[in-house]
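First comes the structure, then the notes that go with it.
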Amino acid sequence: MSANSRINRPGAPAQQSGPSQQAGASGSGGRAAIAGLKKVVVASMVGTVVEWYEFFLYATAASLVFGKFFFPNASTPLDGIIAAFITYAVGFIARPLGGVVFGNIGDRLGRKQTLQATIILVGASTFLMGCLPGYNSVGYWAPALLVILRFAQGFAVGGEWGGAVLLVAEQSPDKSRGFWASWPQAAVPVGNLLATLVLLTMSWILPEDQFLSWGWRVAFWLSAVIVVIGYYIRTHVSEAPIFLEARAKAEQEKATGYGVKEVIRAYPKGVLQAMGLRFAENILYYIIVSFTIVYLVTVHHYNTSQLLLALLIAHAVHFAVIPQIGRLADKIGRKPVYLAGAVLGASWAFFAFPMFDTLNPVIIVFAVTIGLCFHALMYAGQPAIMAEMFPTRMRYSGVSLGYQVTSIIAGSLAPIIAVALLQQYHSWVPVAIYILVACVITAATVFTLKETKGASLRAIDAQDELRFERSKAPE
């Protein structure tokens, strides 16, 4: 039987690749399919909340605590923060490795099993961070152990994102994939919100010396409770039918390749495009949620609790707008929404930092919130766009590679570069120019994309199969 008789021909009417394909247009089957999809969304989101709670907890702690706790001998407070952010960057270096390893596992064995492994690994490493002694107790062993655990945390998160978004994207209807697949993205600000809420609560109820000595640890220990809940929920979901079919076919046809090596060979342009899309989005986000703290606390000595409260409000708005932007990407297209995010993101710092300089709490909240809304224009559509770039047999590897490798040169370095620029020039203007350049790169990438709104994943697989068969044909 030919590939075209098994799967939709490219250009043929799209066959739904999610639960809705069995559901029909209406009736109990349709309701059951949507209920099943919602269950998958919850499983994806809960685990993502856990993993990003822990990942962003580290980011906030690096800004507020770790510079003093693990690097007390730094010449200036900014030097200590830079040292803490360097350990923060270790997690980003580990993320592509996690993406490669778990991407291969996810394409071979399944998204579900991979996500169960990642949530346990990130939970254990984060809990142990809360148990670490400080520099004054064990010297250089303290930052060394922190780096090891940070690497393990980043390695796990590197495998998390691809599996979480694909678990949803591969079971979503073609016409609403942007909306459904944006929900795991919305879980990221929820995780950040929870991390900020816990730290805010501890900073409110404890004197500063107690918060710095042991109060911050509570937030890390609480991760154990959330991990158990997330792991349990993830054991009760099923793999997408399109993945099970692709895996069965790959087992029958041993020549069919998958994994990172194959995706680089077959889809190098897609990997580069995914990296270009990620570049500005990743930099903008970490400037907003990490460097903003540094700027206000070190330059203006702004109250830590008020700053955490501002971030808390902004994260709540970020969560609310992401699914709506995902819906917008289904309605008007992936490219115009993403391009709007890149253009608006380029302008953000030029008006946000003057707003920060007012030290007005309401204005600061608006500045951070507007920045995260601009970010959401890029972030919400990423799962759908990247899922539609690669065929099922190598989709996990493709999206993980494009997404996570960029983190090394984007998100991991963004706070370090921003702090260094501030230290060198004593001005926010170079930081704004840095964001502007990043957004230009991402906007240029958007112009190279094909519009994939409403694309059928089965049609993408069919095109890939034809391409694979042609590559084997004799000249």
Report summary line: Checking 411, 402 in turn, the sole residue that is under 12 Å from the mean Cα position of the chain (by Cα) and assigned to a loop (DSSP other than H, G, I, E, B) turns out to be 411
Query raised in the report: Just checking, which of 390, 353, 374 is touching a residue at least 40 places away in the same chain (Cβ under 8 Å) and in a loop (DSSP other than H, G, I, E, B)?
Result: 390
Report task. With the condition kept exactly as written, say whether any residue in region 101-113 is within 24 Å of residue 198 (Cβ to Cβ) and either surrounded by fewer than 19 Cβ atoms within 10 Å (Cβ to Cβ) or basic (Lys, Arg) (or both). Result -> no
Query - Any chance residue 195 is over 21 Å from residue 99 (Cβ atoms), surrounded by 24 or more Cβ atoms within 10 Å (Cβ to Cβ) and within 16 Å of the chain's Cα centre (by Cα) - result: yes
**Report entry** Single residue of region 414-423 satisfying the filter (in contact (Cβ under 8 Å) with a residue 40 or more places away in the chain and within 21 Å of the chain's Cα centre (by Cα)) that is surrounded by the fewest Cβ atoms within 10 Å (Cβ to Cβ)
**Finding:** 416
Report task. Those residues that are assigned to a helix (DSSP H, G or I), over 26 Å from the mean Cα position of the chain (by Cα) and not acidic (Asp, Glu), I need them from region 431-475; list them, please. Result -> 459, 462, 463, 466, 467, 468, 470, 471, 472
Report summary line: All-but-one check, residue 117 against (1) among the hydrophobic types (A, V, I, L, M, F, W, C); (2) buried (at least 24 other Cβ atoms within 10 Å of the Cβ); (3) in contact with a Phe, Trp or Tyr (Cβ under 8 Å, 6 or more places away or on another chain), failing number (2)
Query - Qualifying position, being free of Cβ contacts under 8 Å to residues at least 24 places away in the same chain and not charged (D, E, K, R), among 141, 183, 204 - result: 141
Report task. Would you please name the residue that is modelled with the highest pLDDT, looking only at residues in region 380-437 that are charged (D, E, K, R) and touching a Gly at 6+ places or on another chain (Cβ under 9 Å)? Result -> 395
Query raised in the report: Would you pick out the residues in region 125-175 that are buried (at least 21 other Cβ atoms within 10 Å of the Cβ) and among the hydroxyl-bearing types (Ser, Thr, Tyr)?
Result: 125, 126, 172
Report task. Find the residue count for region 214-227, including only residues that are in contact (Cβ under 8 Å) with a residue 60 or more places away in the chain and either out of contact with any Phe, Trp or Tyr (no Cβ under 7 Å at 6 or more places or on another chain) or crowded, with 18+ Cβ neighbours inside 10 Å (or both). Result -> 8
Query raised in the report: Quick one: would you say residue 230 is at pLDDT 80 or above and crowded, with 21+ Cβ neighbours inside 10 Å?
Result: no
Query - Test for residue 452: is it over 25 Å from residue 241 (Cβ atoms) and modelled with pLDDT of 90 or more - result: no
Query raised in the report: In region 129-186, which residue that is in a helix (DSSP H, G or I) and among the polar types (S, T, N, Q) is nearest to the chain's Cα centre (by Cα)?
Result: 185
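The values are calculated or read from the model by the stated rules, or taken from the named source; none is laboratory data. All values derive from a computational prediction rather than experimental measurement. Positions of Cβ are backbone-derived with ideal geometry, glycine not excepted, and every protein chain shown enters the neighbour counts.
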